[in-house]
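Visitor: Below: one structure in structure tokens.
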Amino acid sequence: MADEAQSDDVAVRQARDHWNNVYHHKAENEVSWYEERPDLSLSLLRSAGIGLGAAVVDVGGGASALVDALIGAGQAHVTVLDLSTAALARARQRLSGASGVDWVVADVRAWTPARQFDAWHDRAAFHFLTEISDQNAYVAVLKSALSAGGVAVIGTFAPDGPEKCSGLPVARHDCTSLQRLLGPDFDLLGSISHEHHTPWGSVQRFQFSTFHWRSAL
């Protein structure tokens, strides 16, 4: 298991403090992005050819149940990356003693992966990056993290989705805007619209896009 120290950047500290505060004061099923079963994420990963022997990184995974589902299915290696130590602590407690999991506390924009991955999964992290410089930094890390032929599954609020989440502004996307940001070395394998039902019954419109990374250069 691995932990990475945070930088002292003011924006990073503010974001870290925000998310730690959320997870200190709310239960897992009291946040809008909660889902009991990550069925869509699992389906998209499997449809993209990600088998149990693959290495998967869940970016912004926090306290999500995706790692539980992957490890429960026999996934060989899962890395969960999040800015919030409080969020990761909850997942680590649930999976205490589980093998094949690395827990990384880091800002994805400045993360230096210790290994490469066959699959990059991000449900509702990228849309919090509203500045083009932050989006470009994310893409640079994505490229360094994926092995040649790897896939990226990225889920964001759709163009008709919420404009804010957890009190923060978001950048809404469709597959075209994501393709433009990722660049020509990524091929779009598919895109799907998804209605997420929050624990209190409201609907948030998401879109999930799956990309194939053609170059390791």
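Visitor: Taking H as built 1.01 Å from N, whose amide H comes closer than 5 Å to the amide H of Thr79, not counting residues under 5 places away?
Guide: Sorted by chain and number, the residues that satisfy this are Val56, Val57, Asp58, Asp102.
Visitor: If you build a Gaussian network model of the chain, linking Cα atoms that sit under 10 Å apart, which residue out of Ala87, Ala137, Ala158 swings the most?
Guide: Among Ala87, Ala137, Ala158, the largest GNM mean-square fluctuation belongs to Ala137.
Visitor: Please identify, among Ile71, Ile132, Ile154, the residue showing maximal mean-square fluctuation in a Gaussian network model of the chain using a 10 angstrom Cα cutoff.
Guide: Ile132
Visitor: Treating only the Cβ of Lys, Arg, Asp and Glu as charged (+1, +1, -1, -1), what charge dipole size does segment 94-180 show about its Cα centre? Round to the nearest 20 debye.
Guide: Dipole size: approximately 120 debye.
Visitor: With springs only between Cα atoms under 10 Å, which of Pro162, Pro184, Pro113 fluctuates most in a Gaussian network model of the chain?
Guide: Highest fluctuation among the options: Pro184.
Visitor: Only bridges whose two residues both fall in the chain count here: according to DSSP, what percent of them are antiparallel, nearest 5? Don't jump to the answer; show the numbers that get you there.
Guide: Details: 20 of 40 bridges.
The antiparallel fraction comes to roughly 50 percent.
Visitor: Using the Cα centre of segment 82-127 as the reference point, and only Cβ charges (+1 on K/R, -1 on D/E), how large is the resulting charge dipole? Debye, rounded to the nearest 20. Let's see the in-between values first.
Guide: Numbers: 6 positive and 5 negative charges, 34 e Å.
That gives a dipole near 160 debye.
Visitor: Over the alpha-carbon set of segment 1-121, divide Rg by the Kirkwood Rh and report the Rg/Rh ratio to two decimals. Can you show the working numbers first?
Guide: Numbers: Rg = 14.1 Å, Rh = 14.8 Å.
On the Cα set of segment 1-121, Rg over Rh gives 0.95.
Visitor: Among Val80, Leu189, Ile154, flag the residue with its Cα farthest along the positive direction of the charge dipole of the chain, charges on Cβ as +1 for Lys/Arg and -1 for Asp/Glu.
Guide: Farthest towards the positive end: Leu189.
Visitor: Okay, moving on. Computed from these coordinates, which is log10 I(q)/I(0) by the Debye sum over Cα atoms at q = 0.12, 0.14 Å⁻¹: (i) -0.58, -0.82; (ii) -0.68, -0.88; (iii) -0.71, -0.97?
Guide: Read-out from the structure maps to (i).
Visitor: Which helices, counted as full DSSP H runs in the chain, have an axial Cα extent of no less than 15 Å and a Kyte-Doolittle average of -1.0 or above?
Guide: Numbers: long enough: 10-25 (22 Å, -1.16); 132-145 (20 Å, 0.34).
TM-like helix candidates: 132-145.
Visitor: Right, something else. Of the options Val22, Ile50, Tyr34, report the single residue whose Cα projects farthest towards the positive end of the charge dipole of segment 1-91 (beta-carbon charges: Lys, Arg +1; Asp, Glu -1).
Guide: Value computed over the given set: Ile50.
Bear in mind these aren't lab numbers, they're just calculated from the coordinates by the rules spelled out. Since this is a predicted model, take the numbers as computed values, not measurements. Positions of Cβ are generated from backbone atoms using ideal geometry, with glycine treated the same way; all protein chains shown enter the neighbour counts.
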